[in-house]
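What follows is calculated from the coordinates using simple rules that are stated; it is not laboratory data. Keep in mind that this is a model prediction, so the values were computed, not measured. Cβ placement follows ideal geometry from the backbone for every residue including glycine, while neighbour counts extend to all protein chains displayed.
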Amino acid sequence: MYARAAQMIMSAKRCTAFTGAGISVESGIPPFRGKNGLWNKYDPETFDIRYFYTHTRQSWEIIREIFYTLFGRVQPNAAHYALAELEANNRLQSVITQNVDNLHHDAGSRRVHEFHGSLKRLVCLDCQAKYPISEIDLAILPPRCITCDGILKPDVIFFGEAIPEPAGTHSFNETKKADCFLLIGTTGSVAPANMIPSAAKSNGAVIIEINPHRSEYTASVTDIFLKEKATVAMERLMEEIDKL
Ligand code: APR
């Protein structure tokens, strides 16, 4: 299976990766669903944009606890680095990620479409100014805009928000052109992100899925299912690619 997957990647005209929380689990970031899932501990409702507007401080306290205290210290793992290496060797066109942890960038990937935005930036709800998180002190919540004193929010989409542009358009354009699609660590639970693999499939792409568990995609769109953790599977895949 790994040899066949490697062959597909090497013979592809345009291979694209689509990643979810599972690729960052071995960097120490819990997934949202399943064992140790964040949604087992925190109510997803607190990540709804209406809650953010009506309970800004409480929302920010949870966001800081999960996404800046915990996520803040994490590093890319071998799976992130393998995708960056495939891109550097012109074997991977881009990464479309649902993750907001910036680990693909940190691993050296350059063409990354952040379908749900990024924690590394804050955006002002009033004037839309954007700030790198390194410039903002989260000791005082909610953080305020340096320009207009408006409330700042992480530049990620909350439940109930639209997909950010141009990431959304670029992601669907990539999906239309891909003839090989590497699907890593995602349940397929959340729309519209979960439409991307089926769009790739209907455009004729070969779907290679990496996940230690079956997902909503496994029976419906996956052609080659590598039932394994992302770091182990990507290391084995890179070994097979090196043999070609
Ligand atoms: N390697 C690969 N996959 C893994 C690993 C691992 N080591 N550990 C867990 N997984 C898989 C799980 O089996 C599961 O299929 O990662 C997936 C994680 O699923 P979710 O937590 O649902 O994450 P994701 O699919 O990215 O969620 C989509 O939901 O809450 C929203 O905005 C949030 O972007 C997120 C979206």
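The radius of gyration of the Cα set in the range 8-127, together with its Dmax, comes out at 16.1, 52 angstrom.
Using alpha-carbon positions, what is the distance between the centroids of the range 8-46 and the range 79-125, in Å? So the separation of the two Cα centres works out to 13 Å.
What whole-number value in cubic angstrom gives the convex hull volume per residue for the C-alpha atoms of the range 156-244?
Working: hull volume 10.4 nm³, N = 89.
In the range 156-244, the Cα convex hull volume per residue is 117 Å³.
Distance distribution note for the range 185-236: the fraction of Cα pairs above 17 angstrom is 33%.
Report the rotationally averaged projected area of the range 115-198 based on its alpha-carbon convex hull, in square nanometres. Walk me through the numbers before you get to the answer.
Values: hull surface 27.6 nm².
Taking the Cα atoms of the range 115-198, their convex hull projects to 6.9 nm² on average.
Normalised by 2.2 N^0.38 Å, where N counts its residues, the alpha-carbon radius of gyration of the range 67-157 equals 1.23.
How large is Rg over Rh for the range 32-102, taking Rg from the Cα atoms and Rh as the Kirkwood inverse mean of 1/r across Cα pairs?
Details: Rg = 16.0 Å, Rh = 14.6 Å.
Result: Rg/Rh = 1.10.
Put a dot 7 Å past the Cα of Lys176, heading toward its Cβ, do the same for Leu70, and the two dots end up 3.8 nm apart. Can you work out the PRE-style zone for Ile136? Point 7 Å along Cα to Cβ, and I want the residues of the range 95-117 with backbone N under 17 Å. Residues passing the 17 Å test: 100-102, 116-117. Taking amide H as placed 1.01 Å from N in the peptide plane, Phe225 has its amide H under 5 Å from the amide H of Glu209, each at least 5 places away in sequence or on another chain.
Secondary structure note: in the chain, about 30% of the DSSP beta bridges are antiparallel.
Over all Cα atoms in the range 99-139, the spread is summed up by Rg and Dmax: 11.6, 33 Å. Taken about its Cα centre, the range 29-88 carries a charge dipole of about 200 debye when Lys and Arg each add +1 at the Cβ and Asp and Glu each add -1 at the Cβ.
What does the extension gain come out to for Asn90 and Val232, with contour length at 0.36 nm per residue minus their alpha carbon separation? Could the numbers behind the result be given before it?
Details: separation 142, 0.36 × 142 = 51.12 nm, distance 2.19 nm.
Using 0.36 nm per residue and subtracting the Cα-Cα distance, I get 48.9 nm.
Shape summary of the chain, radius of gyration then Dmax from alpha carbon positions: 18.2, 57 Å. Descending by average beta-carbon neighbour count within 10 Å, the peptides 78-85, 180-187 line up as 180-187, 78-85, the highest first.
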